[in-house]
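Sharing a structure below in structure tokens format, with a few things to ask.
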Amino acid sequence: MKVLLIGSGGREHALAWKLSRSPSLAQLHCAPGNPGIARHARCHPVRAEDPEGLLALALDLAVDLVVIGPEAPLVAGIADALRRNGVPTFGPSAAAAAIEGSKMFAKDVMRAAGVPTAETMPSAQAPCVIKADGLAAGKGVFVCRTQEELDAALPTAAALGQPLVIEELLEGREVSIFALCDGARVIPLAPAQDFKRAFDDDAGPNTGGMGSYAPAPDVDVHELVDAIHGPVLAELARRGSPFIGVLFAGLMLTENGPHVLEFNCRFGDPETQSLMPLLDDTLLHALAACATGDARSVDLRWSDDAAVTVAVAAASYPAAGDVGSPIAGVEQAEATGAYVFHAGTALHENTLVTNGGRILGVTATGATITAARERAYEAASLVSFDGARYRTDVAREAAALV
Ligand code: AMP
Ligand code: GLY
């Protein structure tokens, strides 16, 4: 098969690496890609935000499948345009992607599907959570435990210029549950956990994600997708917008059972970096089967290992990124057996340089979370660039549990 992957982050690097190992892959193309992805795919300089350019590229290359990484092109309707032109596509229509694109739409679907989520509140009173309604790259959510936090959050949230949703603050352990969907069926991936706050001990603002590990312990993914993803998929189909792609539920495991914090319409970043090394080489078959609307033949096999990913970010992330600082130590980190997934990198006169907020994701596997964690941190300590920073507590509690 000829495949076109859309995106340029660490998630897409992990997907490209996994797709490149598929027995049924003939050619892998990526738009726009990054220097890490370029090791596995031919990269084309078409941006993920350029729907006409992407459609022209897919038709020109005559690909058998397009896999879309990021949410913005999905919410903008790239999958509709591709399918309308006869290109098999793994990714939801704009109507189905609204499950991520609009928090209000997601709440409405959950209510209709009977899926538990945080209750909305009529006015902002601490403790509560303030959310911008539309896409904000993980930075539109403000968890306010105190009045001071609420006072600080309200102007920042209002400045995003979107309607705001106010909801109750839920307590518990967070877990990311992904399911591959063919419009009607759900195939769960291994449970993962993401570390959203910028600093150790969950301090600081929310980010796109500072690390992840998988599998999250004591989680029955089949039970969760039956209770959550299945009813949502059925409700979307009932509304005439069947969901084809990854339905990603961010869940809080509360005392009163699992509650949905958010839905996303795509693979998680950096959860995907921890999941792909644990998966067998049938990803391409699974994505292609979902894209054609019949995932009955899909049978994903997972390794018994654990994986831990540490995001190495720019000094000022998430407020700002870094561009053009030389990156060193990637080969040394890889020599330890770790994977170094490129997230925000570029090549400048043959030198690898920073180009974003989260720069690299360093992933390692091991027989236990503890072993994977030690290897991931050892490798992460070997990469360097001006201002490089990472959390030191990714998977720390999970490692202590098992
Ligand atoms: P979201 O983008 O909606 O997943 O929110 C980002 C992060 O904010 C989540 O991963 C949680 O850590 C936190 N969060 C969101 N909603 C709530 C809530 N209702 N209660 C507690 N924490 C929340
Ligand atoms: N890691 C969370 C996300 O991709 O939104």
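The values are calculated or read from the model by the stated rules, or taken from the named source; none is laboratory data. Just so you know, these numbers come straight off a predicted model, no measurement behind them. Glycine also receives a Cβ, built like all others from the backbone with ideal geometry; neighbour counts cover every protein chain displayed. All accessible areas refer to the heavy atoms of the entire protein, side chains included, with ligands and DNA or RNA removed. Shrake-Rupley method; radii C 1.70, N 1.55, O 1.52, S 1.80 Å.
If only one of Ser20, Ser102 is among the polar types (S, T, N, Q), open to solvent by 20 Å² or more (accessible area, probe 1.4 Å), within 22 Å of Gly240 (Cβ to Cβ) and outside the structural domain of Pro242 (by TED's automatic domain parsing), which one is it?
Testing whether each residue is among the polar types (S, T, N, Q), open to solvent by 20 Å² or more (accessible area, probe 1.4 Å), within 22 Å of Gly240 (Cβ to Cβ) and outside the structural domain of Pro242 (by TED's automatic domain parsing) leaves just Ser102.
Out of all the residues in segment 23-59, which are of a type in the set (A, V, I, L, M, F, W, C), within 15 Å of Gly10 (Cβ to Cβ) and out of contact with any helix residue (DSSP H, G or I) (no Cβ under 7 Å at 6 or more places or on another chain)?
Scanning segment 23-59 gives a single hit, Ala38.
Select from segment 49-67 the residues that are open to solvent by 10 Å² or more (accessible area, probe 1.4 Å) and aliphatic (A, V, I, L, M) and list them in ascending order.
Once the filter is applied, which keeps residues that are open to solvent by 10 Å² or more (accessible area, probe 1.4 Å) and aliphatic (A, V, I, L, M), segment 49-67 yields Leu55, Ala56, Leu57, Leu59, Leu61, Ala62, Val63.
So, in segment 322-375, how many residues would count as being open to solvent by 20 Å² or more (accessible area, probe 1.4 Å), touching a Pro at 6+ places or on another chain (Cβ under 9 Å) and aliphatic (A, V, I, L, M)?
4
If you don't mind, another one. On the given criteria, is Glu223 surrounded by fewer than 23 Cβ atoms within 10 Å (Cβ to Cβ), in a loop (DSSP other than H, G, I, E, B) and either at negative phi or hydroxyl-bearing (Ser, Thr, Tyr) (or both)?
no
Out of all the residues in segment 3-17, which are closer than 25 Å to Gly77 by Cβ and open to solvent by 10 Å² or more (accessible area, probe 1.4 Å)?
Ser8, Gly9, Arg11
Right, next: Restricting segment 155-171 to residues that are open to solvent by 50 Å² or more (accessible area, probe 1.4 Å) and either within 16 Å of ligand 2 (Cβ to nearest atom) or not aliphatic (A, V, I, L, M) (or both), which is farthest from Phe267 (Cα to Cα)?
Ranking the candidates gives Pro155 first.
Go through Gly114, Gly161 for me and flag whichever is modelled with pLDDT of 90 or more and more than 12 Å from ligand 1 (Cβ to nearest atom).
Gly114
If you take the residues of segment 247-278 that are charged (D, E, K, R) and within 19 Å of Pro217 (Cβ to Cβ), which of them is surrounded by the fewest Cβ atoms within 10 Å (Cβ to Cβ)?
Step by step, filter segment 247-278, then rank; the result is Glu255.
For the structure I just gave you, tell me whether Ala190 is away from ligand 2 (no atom under 16 Å from the Cβ), assigned to a loop (DSSP other than H, G, I, E, B) and in contact with a helix residue (DSSP H, G or I) (Cβ under 8 Å, 6 or more places away or on another chain).
In short, no.
I would also like to ask the following. Considering each of Gly77, Gly33, Gly114, Gly86 in turn, give the residue that is open to solvent by 20 Å² or more (accessible area, probe 1.4 Å), out of contact with any His (no Cβ under 7 Å at 6 or more places or on another chain) and touching a residue at least 24 places away in the same chain (Cβ under 8 Å).
Gly114
Answer with yes or no whether Val232 is outside any strand (DSSP E or B), crowded, with 22+ Cβ neighbours inside 10 Å, within 16 Å of ligand 1 (Cβ to nearest atom) and in contact (Cβ under 8 Å) with a residue 40 or more places away in the chain.
Judged against the criteria, Val232 is a match.
Can I ask one more? Please go through segment 295-314 and pick out each residue that is open to solvent by 20 Å² or more (accessible area, probe 1.4 Å) and under 24 Å from Ala364 (Cβ atoms).
Leu300, Arg301, Trp302, Ser303, Asp304, Asp305 - these are the residues of segment 295-314 that are open to solvent by 20 Å² or more (accessible area, probe 1.4 Å) and under 24 Å from Ala364 (Cβ atoms).
OK, next. Note down all Cβ pairs under 7 Å where the first residue falls in segment 376-391 and is open to solvent by 20 Å² or more (accessible area, probe 1.4 Å), the second is among the charged types (D, E, K, R), and they're at least six residues apart or on different chains.
What qualifies is Gly387/Asp322.
Any idea which of Thr282, Thr292 is open to solvent by 30 Å² or more (accessible area, probe 1.4 Å), more than 20 Å from the chain's Cα centre (by Cα) and closer than 24 Å to Glu71 by Cα?
Residue meeting the stated conditions: Thr292.
I need every pair where a residue in segment 183-209 that is at positive phi has its Cβ under 6 Å from the Cβ of a residue that is among the small types (Gly, Ala, Ser), sequence separation at least 6 or different chains.
Gly183/Gly293; Gly204/Ala198
Name the residue that is nearest to Gly257 (Cα to Cα), counting only residues in segment 193-208 that are within 12 Å of ligand 2 (Cβ to nearest atom) and at pLDDT 95 or above.
Taking the candidates together, the pick is Gln193.
Tell me which residues, restricted to segment 270-285, are of a type in the set (A, V, I, L, M, F, W, C) and either more than 16 Å from ligand 2 (Cβ to nearest atom) or assigned by TED's automatic domain parsing to the domain that holds Val67 (or both).
Listed by number, the residues that qualify are Leu278, Leu279, Leu283, Leu284.
Related question: Within segment 239-255, does at least one residue satisfy the condition of being among the hydroxyl-bearing types (Ser, Thr, Tyr) and within 16 Å of ligand 1 (Cβ to nearest atom)?
yes
Based on what the data block shows, is Met121 surrounded by 15 or more Cβ atoms within 10 Å (Cβ to Cβ) and touching a residue at least 60 places away in the same chain (Cβ under 8 Å)?
no
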